[in-house]
Amino acid sequence: MSNKAISEARRQIEICNACRYCEGYCAVFPALTRQAAFADGDITQLANLCHNCRGCYYACQYTEPHEFALNLPKLLAEVRQESWQDNAWPQGVARRFHRSGVAIAIVVIICFALLFATARWIGSAGGDGFYAILSHNMMVAIFVPAFLVPLLSIWISLRRFWKSIGGQPLGPKAGIAALSDAARMKNLSGGHGEGCNFEDEDRFTRQRSISHQLTMWGFLLCFAATASGTILHYVFAMPAPYELVSLPKILGISGGLMLSLGTAKLAWLKPKGDKALGDPRVWGGEMAFILLLFTVSTSGLALYGAGATAWMPTLLALHLGSVLSFFLLMPYSKMAHGFYRLAALIRDAQIK
Amino acid sequence: MTSKTEMDCEVVIIGGGNAALCAAITAAMAGVRVLILEAAPKEYRGGNSRHTRNFRCMHDGPLSVLTGHYDEEEYYNDLLLVTKGNTDEHLARIAIRGSQDSQPWMEANGVRFQPALSGTLSLSRTNAFFLGGGKALVNAYYRRAEALGVKVRYNAHVDHLVLEGDRITRVDFTENSKSHSLSPKAVIVAAGGFQGSIERLVKAWGPEAENFLIRGTPYNRGDVLFDLLDQGVQSIGDPTQCHAVAIDGRAPKFDGGIVTRLDCVPFSVVVNKHAKRFYDEGEDVWPKRYAIWGRLVAAQEEQVAYSIIDAKSKDLFMPSVFPPICAGSIPELAKKLGLEPEALASTITEFNGSCQAGNFTPTELDNLATKDLEPPKTNWARPIAEAPFYAYSLRPGVTFTYLGLKVDETAQVQGQEGPVANLWAAGETMAGSILGQGYLAGFGMTIGTVFGRIAGEEAAAYVK
Ligand SMILES: Cc1cc2nc3c(=O)[nH]c(=O)nc-3n(C[C@H](O)[C@H](O)[C@H](O)COP(=O)(O)OP(=O)(O)OC[C@H]3O[C@@H](n4cnc5c(N)ncnc54)[C@H](O)[C@@H]3O)c2cc1C
Ligand code: HEM
Ligand code: SF4
Ligand code: SF4
C-alpha cells in the first residue's frame, strides 16, 4: 500500500480527532474518536467505512487554501481504492481495471464477440427462445466458472482485508447491524436524513442516495431473478422462457428497470460532482462500471421486449457479453466496494 | 456612484458571518433588497462564525437536541459569574430570551443541530451544537439568503462610511482593488472585532501582542469600527482588552481555530522561558480556567510557556492537533524545548518533592495538592516521574476584542446626539455591551443571532 496516502490520511484524521465537528455526519468520526493512535489497518478500516458523502469537506474550516489542507473524502477514497487493489487476487489485474474505463470497455467487447461467435459457430442443439441461440448447457458451462472464480478471488481478498483491519469472527449481531446500515445507506444520509453533498457543492440532496438505492436494490432483484430461474429449472424442472406473471420475470423486469434508472441517474450525476473530492485516478474506471451495469440491465430489458424479433440474437450476445464482463471484473472493479464496505460496516459494529 | 444592477439594494450589510447572515435573511424575508459586503474571499467567508461549534440557548423545556431546561435566571446568573457584573442587564436579557425562539428560526433557515460532541458533555444541557460546525451553519445561511434574493459580494472590503448629521449617506468599499461607493437607505455593521489587526492589538495591549496568535479570521481588522469611532460614534467595552486563551504555540498565526486548544494544563507543570513555574495549574476544572491562561502566558517573557506531563497523563485530555515534544528524560526534554536543562530538572525535582500521596481523580477537583510549594498546585498534583516525558508549548490565542459600538435595544448605533437614524450593528461588533469581561461558551453566537435578527427587522422597517 502506498505509504503516502496512508500517512497523509493519518495526518488529516488526527486533525479531525482534535476537532470532531463532523461527528454527526457518518460512522467514520465516532469510530475515530474512540482511538488516540491510528495504525495502518485502522486507517484502511476508516477509509472503507467512509461513504464519500462529502459533508466533511464542505463543512471543514481547514480546507485549502488553509495550511492544514483538509480533504478527507479524497484521502479516504485513495486509501480505500488502494486497499482494494492491494488485497486483490491476483494482484496485477486489479490496478489496470480499477483505473481504466478503456480496459473495461475492451473486456466487454471481447466478451461480446466471444459470445457472438460461440452462438454463431457452436450454436444450439435446438431449444426454445434464447436457448435456440445458445443452449442452456453452453450458458451454464460459460457462466458457472465465470461466476465462481471471481467469487473465490473476492473471498481471498476479503480475508486478507479482514485480517488487516483486525476483524473478529462473524457474529449475527454485528452482521445484522451492518446489513441494516447498508440497506438504508445510512452513511449517505448526512446524519439529518437530507442526503449528501455531491452535484451542487454544499447543498444536501438525496439524489445520489436514491440513485444508489435503485441501483443496489435493482441489482439484487435481478440477481434474485436469476437465482429463482435456476431453482425453477433444476428443482422444479421448469426451464425458461417464463410467463410474464412468474417469479423470474417479475423480479427481473422490476429489478432491471430500477437498475437502468439508477445507473442512468448515477452516470448523469457523476460529472457534476467535484472530481477532486474522490480518487481522480479511478474516475474513468468508475464511470465505465456504471455504464457496464446500465448495459447489463438495459440489454436485459430489451431482450424481454425484442424476444421475438430479428434483433434478438445480437441483443442476447450483448446482454450475455456484458453480464460475463461484469462477473469477470467483479473483483477488479468498483464492484469490490459493496463487499469491502459491508465488511467495514460489520467491523465497525463489532467495535462499537 | 456605482449603479450596476447587481449592487442595487436598499440595505447594505457589512460582514459575512453569523450576525450579518441572520440580519440579511430577516431583512430579505421582510421584503427589502439586501447586499452583503464580505471582505474575505468565498473560501474564507464567515469570519469567526466559521470556527464555532454551538450556541447557548435558553429553554423552558426540552428543545430540539437540548434536554431538561435552562431558564432565564440560570442563564443570566451564569453570565453574571463570568462577566463579574460587567454587563448591560437589559440587553443581556434580550439576548437570553431571544435565544429560545432563535433555535427554531435557525432550523427553519437550514441550520441542523446535533447532541453535544464527545468530550463536551458538560455543555449538553445549555448549548445546542451545529451539525458539521460553524462552517456548515454559514453555508446553510448563504444558501438561504441567496434563495431569498440577497446579493453577496466577496473580497469586498468596506473602508469608510460617510456620517452626515444623523445619517450614513455613503458606503465606500474596495472590491479586488477597485473602489466603489453606494448610498443605501440603511446600513448594518456586522464586521466583528479588531483582533485581526496586530498593529491595533499592539497599540491597545502593548508590544507583547506581536507574539499573540489569532484563533480566528484575519479579516476582522476593525476598519469599520474605528472609522465610526473616529467620527464620534459612541463606543462600549474596554479598548485595551481582548479575550485570550492558551493555545498550542505551534498554531498558525491566524485561523487555527478549535484544534489548537490544549487541555493538558491541569495535569501538567507549566513553566516559563526560565523553566520556572508561575501559577497554580490545578486551580479549577479546565473549562473554567481556560481563559485565564491566555493572560498568564501573555505576561511571561516572550509570551511563551511550556506545559509538561509524563507518560501516565498522556491520554487524560482531548488530543491536540500537534504531537507533543517527547523525550526520555527531563534534561533531554529541556534541550528540545530550548530551556536550561538544569533549571528545568530542578523545578521538576522540587515539584515532585512536594507532591503528596492521595487519590487522583481527573474528572473533578480532587484536592490532591502540593505541600510547601510556591506557587502551589492545588489539585491533580502528581509527580512528573514516568518516562517518556511530553511537552507542549503555549502561547496566547486571541478569540475576540471587547471594544465595540454602543447600541440600544433595537440594535441601533448611538452617535454623539442620539441614535444614528439608519445605522444598526450586530454580533461581535457590539457584543461589548453585553460581554464586558470574560466569556460564556456559546454566547457569541447567541448575541449575533438575536441582535442580527433585530437589526435586520429594524432596518427593513426603516426602509419601508
Ligand atoms: C476558534 C473560535 C471558536 C469559537 N467557538 C464559538 C462557539 O462554539 N460558540 C460561540 O457562540 N462562539 C464561539 N466563538 C466566538 C464567535 O466566533 C463569535 O462570537 C461570532 O462568530 C461572532 O459573529 P459575527 O458575525 O459578529 O462576526 P464574524 O463571524 O467574525 O464575522 C465578521 C465578518 O465581517 C467581515 N469583515 C470584517 N471587516 C470587514 C470590512 N471592513 N468590510 C467587509 N467585511 C468585513 C469578516 O470577513 C467576517 O465575515 C468562537 C471564536 C473562535 C475564534
Ligand atoms: C453493502 C452494500 C453496498 C454499499 C455499502 C455501497 C455503498 C456505496 C457508496 C457509499 C457509494 C458512493 C461512493 C463511491 O462512489 O464510492 C457507492 C457507489 C456505487 N455503488 Fe454501491 N454499495 C453497495 C452495494 C452496491 C451494489 C450491490 C451495487 C450494484 C451492483 C452498487 C453499485 C454502485 C454504483 C454503480 C456506484 C456509483 C459509483 C460512482 O458514482 O462512481 N453498490 N456504493
Ligand atoms: S473534516 Fe474538518 S471540520 Fe470536520 S472534523 Fe475534520 S477537521 Fe473538523
Ligand atoms: S465523506 Fe462523508 S462518509 Fe466520508 S468521512 Fe466524510 S462525512 Fe464521513
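The values are calculated or read from the model by the stated rules, or taken from the named source; none is laboratory data. Predicted model, so just to flag it, every value in this text is computed and none were measured. When we count neighbours, we look across all protein chains shown, and the Cβ atoms used for this are built from the backbone with ideal geometry, even at glycine. Ligands, DNA and RNA are stripped out before the accessible areas are found, and what is left, the full protein with its side chains, is counted by its heavy atoms. Shrake-Rupley method; radii C 1.70, N 1.55, O 1.52, S 1.80 Å.
Residues in the range A:153-179 that are surrounded by fewer than 16 Cβ atoms within 10 Å (Cβ to Cβ) and within 17 Å of the chain's Cα centre (by Cα): how many?
2
For the range A:51-63, which positions are buried (at least 23 other Cβ atoms within 10 Å of the Cβ) and within 16 Å of ligand 2 (Cβ to nearest atom)?
The answer is A:51, A:52, A:53, A:54, A:55, A:56.
Being without any contact (Cβ under 8 Å) to a residue 60 or more places away in the chain and not acidic (Asp, Glu) is the filter; apply it to the range B:36-62 and report the residue that is most open to solvent (accessible area, probe 1.4 Å).
Taking the candidates together, the pick is B:62.
Of the residues B:448, B:432, which single one is in contact with a Gly (Cβ under 6 Å, 6 or more places away or on another chain) and modelled with pLDDT of 95 or more?
So the residue among B:448, B:432 that is in contact with a Gly (Cβ under 6 Å, 6 or more places away or on another chain) and modelled with pLDDT of 95 or more is B:448.
Please go through the range A:18-72 and give me each residue that is within 7 Å of chain B (Cβ to nearest Cβ), acidic (Asp, Glu) and part of a loop (DSSP other than H, G, I, E, B), ordered by number.
Selection gives A:67 alone.
Return the total of residues in the range A:16-43 being of a type in the set (Val, Ile, Thr) and open to solvent by less than 10 Å² (accessible area, probe 1.4 Å).
2
Evaluate the range A:160-183: report whether one residue or more is closer than 30 Å to residue B:135 by Cα and either within 16 Å of ligand 2 (Cβ to nearest atom) or in contact with a Ser or Thr (Cβ under 9 Å, 6 or more places away or on another chain) (or both).
Just the residues of the range A:160-183 that are closer than 30 Å to residue B:135 by Cα, to begin with: A:181-182.
Cutting the leftovers down to either within 16 Å of ligand 2 (Cβ to nearest atom) or in contact with a Ser or Thr (Cβ under 9 Å, 6 or more places away or on another chain) (or both) gives us A:181-182.
Yes: the range A:160-183 contains one or more residues that are closer than 30 Å to residue B:135 by Cα and either within 16 Å of ligand 2 (Cβ to nearest atom) or in contact with a Ser or Thr (Cβ under 9 Å, 6 or more places away or on another chain) (or both).
Somewhere in the range B:214-226, is a residue within 14 Å of chain A (Cβ to nearest Cβ) and more than 29 Å from residue B:440 (Cβ to Cβ)?
Within the range B:214-226, not a single residue is within 14 Å of chain A (Cβ to nearest Cβ) and more than 29 Å from residue B:440 (Cβ to Cβ).
Across the range B:111-130, which residue is modelled with the lowest pLDDT among those that are more than 9 Å from chain A (Cβ to nearest Cβ) and out of contact with any Pro (no Cβ under 8 Å at 6 or more places or on another chain)?
Among those residues, the one meeting the criterion is B:121.
Could you please let me know if residue B:91 is within 12 Å of ligand 1 (Cβ to nearest atom), among the hydrophobic types (A, V, I, L, M, F, W, C) and open to solvent by less than 30 Å² (accessible area, probe 1.4 Å)?
Spelling it out, it is not the case that residue B:91 is within 12 Å of ligand 1 (Cβ to nearest atom), among the hydrophobic types (A, V, I, L, M, F, W, C) and open to solvent by less than 30 Å² (accessible area, probe 1.4 Å).
Across the range A:32-50, what is the total count of residues that are within 15 Å of ligand 2 (Cβ to nearest atom) and of a type in the set (A, V, I, L, M)?
Here the count works out to 3.
Quick check on the range B:117-138: of everything there that is free of Cβ contacts under 8 Å to residues at least 60 places away in the same chain, touching a helix residue (DSSP H, G or I) at 6+ places or on another chain (Cβ under 7 Å) and not hydroxyl-bearing (Ser, Thr, Tyr), which residue is nearest to residue B:70 (Cα to Cα)?
Among those that are free of Cβ contacts under 8 Å to residues at least 60 places away in the same chain, touching a helix residue (DSSP H, G or I) at 6+ places or on another chain (Cβ under 7 Å) and not hydroxyl-bearing (Ser, Thr, Tyr), it is B:131.
Being open to solvent by 10 Å² or more (accessible area, probe 1.4 Å) and assigned to a helix (DSSP H, G or I) is true for just one of B:98, B:119. Which residue is that?
The unique qualifying residue is B:98.
Hey, can you tell me all the residues within the range B:307-324 that are in contact (Cβ under 8 Å) with a residue 60 or more places away in the chain and either in a helix (DSSP H, G or I) or touching a Phe, Trp or Tyr at 6+ places or on another chain (Cβ under 7 Å) (or both)?
Listed by number, the residues that qualify are B:307, B:308, B:309, B:310, B:311, B:312, B:313, B:314, B:320, B:324.
All but one of (1) within 26 Å of residue B:407 (Cα to Cα); (2) within 14 Å of chain A (Cβ to nearest Cβ); (3) hydroxyl-bearing (Ser, Thr, Tyr) hold for residue B:64; state the number of the condition that does not hold.
(1)
Return the residues of the range B:392-450 that are in a loop (DSSP other than H, G, I, E, B) and either among the small types (Gly, Ala, Ser) or within 16 Å of ligand 2 (Cβ to nearest atom) (or both); say none if nothing qualifies. Even if it seems obvious, please write down each step before you answer.
To start, the set of residues in the range B:392-450 that are in a loop (DSSP other than H, G, I, E, B) comprises B:402-403, B:406, B:408-411, B:416-417, B:426, B:430, B:434-442.
If the condition is that a residue be in a loop (DSSP other than H, G, I, E, B) and either among the small types (Gly, Ala, Ser) or within 16 Å of ligand 2 (Cβ to nearest atom) (or both), then B:411, B:426, B:436, B:438, B:441, B:442 are the ones that fit.
Taking the conditions exactly as written (within 14 Å of chain A (Cβ to nearest Cβ), open to solvent by less than 30 Å² (accessible area, probe 1.4 Å) and near ligand 1 (Cβ under 9 Å from one of its atoms)), does residue B:255 satisfy them or not? Write out each step before concluding.
Details: within 14 Å of chain A (Cβ to nearest Cβ): yes; open to solvent by less than 30 Å² (accessible area, probe 1.4 Å): yes; near ligand 1 (Cβ under 9 Å from one of its atoms): yes.
So residue B:255 fits the description; yes.
Looking only at the range B:440-464, filter to residues that are under 22 Å from residue B:84 (Cβ atoms) and of a type in the set (Gly, Ala, Ser); which one of those is least open to solvent (accessible area, probe 1.4 Å)?
B:442
Would the range A:204-223 turn up any residue that is more than 14 Å from every other protein chain (Cβ to nearest Cβ), away from ligand 2 (no atom under 11 Å from the Cβ) and either open to solvent by less than 40 Å² (accessible area, probe 1.4 Å) or over 30 Å from residue B:131 (Cβ atoms) (or both)? Write out each step before concluding.
Taking the range A:204-223 and keeping what is more than 14 Å from every other protein chain (Cβ to nearest Cβ), we get A:206-223.
This time we only want the ones that are away from ligand 2 (no atom under 11 Å from the Cβ), so: A:206-207, A:210.
Still in the list and also either open to solvent by less than 40 Å² (accessible area, probe 1.4 Å) or over 30 Å from residue B:131 (Cβ atoms) (or both): none.
No; the residues of the range A:204-223 include none that is more than 14 Å from every other protein chain (Cβ to nearest Cβ), away from ligand 2 (no atom under 11 Å from the Cβ) and either open to solvent by less than 40 Å² (accessible area, probe 1.4 Å) or over 30 Å from residue B:131 (Cβ atoms) (or both).
Select from the range B:330-362 the residues that are open to solvent by less than 70 Å² (accessible area, probe 1.4 Å) and either among the hydroxyl-bearing types (Ser, Thr, Tyr) or at positive phi (or both) and list them in ascending order.
B:338, B:346, B:347, B:354, B:358, B:361
I'd like to know if the range B:131-151 contains one or more residues that are at the interface with chain A (Cβ under 8 Å from one of its Cβ atoms), over 20 Å from the mean Cα position of the chain (by Cα), away from ligand 3 (no atom under 16 Å from the Cβ) and surrounded by fewer than 23 Cβ atoms within 10 Å (Cβ to Cβ).
yes
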